[in-house]
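Just below is one structure, and these are the notes that go with it.
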Amino acid sequence: MAAKSAAKSKRAVAKSGAKAVAKTLPTAQSVSGFLDKLTDAEQKKDARALTKMMKDATGQPPVMWGRSIVGFGKYRYKYESGREGEMCRIGFSPRKGVTVLYMLNGFADAQALLAQLGKVKTGKSCLYVKRLADLDMDALEELIARSVAYMDKKYPPA
C-alpha cells in the first residue's frame, strides 16, 4: 500500500511542477557515533577501515548522508528531466549482513579487478561486501581510487 501511495505522490509532484526533494542529504549526525552503534564487531571494524580508505582517497572528511550512508565529498547532478540534487562523491552503508560501497563509475571497465577482489556482488554502481577480510585490499583500494578519479573528472571538485 505504501508503494502505491509513494508512486501517487510522485505523480502529484510531477503534475504540479514542484521539484521533488532529495531524501539523502548531509546531516549533522556523528559518523563515529553511527559506527559505534553497529552491533556486528567485524562490520564495525570494516566500516572504520573503509572510512580511513575513502578519506585517504578523497582528502575529504566523512559525513553522514541520510541515516545510514557515510559519504565523502559531494557533487551536484542534473538529469535530462531537469531533476537535480547533491550526493556524496563516494561512500558506503553498513547494512544487515552486508556493507554497500557506492562507487559511481560502475564496473564495466574493472572486470579484472573484480576478479582479483574476491567474493562480492555488484549493482550498477554498488559493490556489496560481506567482509573486508575476504577481499584483496589492493584491488579494493584501486577500485576506490578509480571511482574518485572518475568523479573528479566528470564533476570537478569546487
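The values are calculated or read from the model by the stated rules, or taken from the named source; none is laboratory data. All of these numbers come straight from a predicted model, not from anything done at the bench. Cβ coordinates were reconstructed from backbone atoms using ideal geometry, including for glycine residues, and neighbour counts include every protein chain displayed.
Restricting segment 1-55 to residues that are touching a Phe, Trp or Tyr at 6+ places or on another chain (Cβ under 6 Å) and at pLDDT 95 or above leaves a set whose member that is farthest from Gly97 (Cα to Cα) is Met54.
For Leu50, indicate whether it is over 24 Å from Thr27 (Cα atoms) and buried (at least 21 other Cβ atoms within 10 Å of the Cβ). No: the conditions fail for Leu50. Exactly one residue among Arg76, Arg89, Arg95 is exposed (fewer than 15 other Cβ atoms within 10 Å of the Cβ), touching a residue at least 12 places away in the same chain (Cβ under 8 Å) and closer than 17 Å to Leu25 by Cβ, and that residue is Arg76. Filtering Ala115, Ala133 for residues that are out of contact with any Gly (no Cβ under 8 Å at 6 or more places or on another chain), farther than 24 Å from Gly73 by Cα and modelled with pLDDT of 95 or more leaves a single hit, Ala133. Tell me yes or no: at least one residue of segment 108-116 is surrounded by 18 or more Cβ atoms within 10 Å (Cβ to Cβ), more than 22 Å from Ala47 (Cα to Cα) and either touching a Lys or Arg at 6+ places or on another chain (Cβ under 8 Å) or of a type in the set (A, V, I, L, M, F, W, C) (or both). Within segment 108-116, one or more residues are surrounded by 18 or more Cβ atoms within 10 Å (Cβ to Cβ), more than 22 Å from Ala47 (Cα to Cα) and either touching a Lys or Arg at 6+ places or on another chain (Cβ under 8 Å) or of a type in the set (A, V, I, L, M, F, W, C) (or both). For Ala133, the conditions (1) within 23 Å of Lys37 (Cα to Cα); (2) among the small types (Gly, Ala, Ser); (3) without any contact (Cβ under 8 Å) to a residue 40 or more places away in the chain all hold with the exception of (3).
Exactly one residue out of Arg146, Arg67 is of a type in the set (D, E, K, R), surrounded by 13 or more Cβ atoms within 10 Å (Cβ to Cβ) and in contact with a helix residue (DSSP H, G or I) (Cβ under 9 Å, 6 or more places away or on another chain), and it is Arg146.
Has segment 29-43 got at least one residue that is crowded, with 20+ Cβ neighbours inside 10 Å and either in contact with a strand residue (DSSP E or B) (Cβ under 7 Å, 6 or more places away or on another chain) or under 15 Å from Leu104 (Cβ atoms) (or both)? Yes, some residue in segment 29-43 is crowded, with 20+ Cβ neighbours inside 10 Å and either in contact with a strand residue (DSSP E or B) (Cβ under 7 Å, 6 or more places away or on another chain) or under 15 Å from Leu104 (Cβ atoms) (or both).
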